[in-house]
Amino acid sequence: MDNNAWFEVEDPEECDEEPWDFDEAALTFLTALRTRAATWRVPWAPSNVSRPEDDSSLLVWVSLLDEERSLILGEWAVHFYGAHVQAGKVSDQLFNLHESPERGYFEASGTAVELALRCADWFESLLNRPVVRAEWRSI
């Protein structure tokens, strides 16, 4: 496993935006998520922490890449709202989610730590899945 950190917080000041002010619940969620992610037995993948465009949630996500071809194979995200989360496959650049169970979507409620552990297990299960890539043959 790589020693890269999971779920680094993006710096909004790099884009000339105001710094984020995460509340206590968001910081607790993030700390528990990072602690659990540090025990994962999966290859490292890019992950980030930020806020969506509307600032409505703490947003954490993981991207699965094909670095040789500079392709994003998939992105999965969690929106943390303090006492509940929405999680699933990312559907667009604004980090909206495909809201279908077939795409891994789920909602859950609980404490920040309970939600972080559930989301960490969900991310780990996604990263443990084999990547199967099919391509069209040239004619």
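In Å², and per residue, what accessible area does the chain have when probed at 1.4 Å with the other protein chains present?
Computed with neighbouring chains in place, this is 65 Å² per residue.
How much length would be gained if the chain were fully extended between W44 and N128, taking 0.36 nm per residue of separation minus their Cα-Cα distance, in nm to one decimal?
That pair, W44 and N128, stretches by 29.1 nm at full extension.
When a/c is below 1.5 the answer is rounded, else prolate if a/b is larger than b/c, else oblate, so apply that to region 30-80 with a ≥ b ≥ c taken from the square roots of the Cα gyration tensor eigenvalues.
oblate
Around A108, which amide H atoms from residues at least 5 apart in sequence, or from another chain, sit under 5 Å from its own amide H, with H modelled in the peptide plane?
For A108, the qualifying residues are V85.
Once phi is turned into θ = phi - 60°, what whole-Hz ³J(HN,Hα) does the Karplus curve with 6.51, -1.76 and 1.60 give for every residue of region 127-135, x standing for Gly and Pro?
6, 7, 6, x, 9, 10, 10, 10, 10
From the square roots a ≥ b ≥ c of the eigenvalues of the alpha-carbon gyration tensor of region 1-136, which class results: rounded (a/c under 1.5), prolate (a/b over b/c), or oblate?
Judged from the Cα gyration tensor, region 1-136 comes out rounded (a/c under 1.5).
Run the helix sum for the chain: -39,500 (n - 2.57) per DSSP H stretch of 4+ residues, divided by residue count, reported at 222 nm to the nearest 500 deg cm²/dmol.
Result for the chain, helices only: -7500 deg cm²/dmol.
The values are calculated or read from the model by the stated rules, or taken from the named source; none is laboratory data. This one's a predicted model, so the numbers in the text were calculated from it and none came from an experiment. Surface accessibility is based on the protein's heavy atoms, side chains included, excluding ligands, DNA and RNA. Shrake-Rupley method; radii C 1.70, N 1.55, O 1.52, S 1.80 Å.
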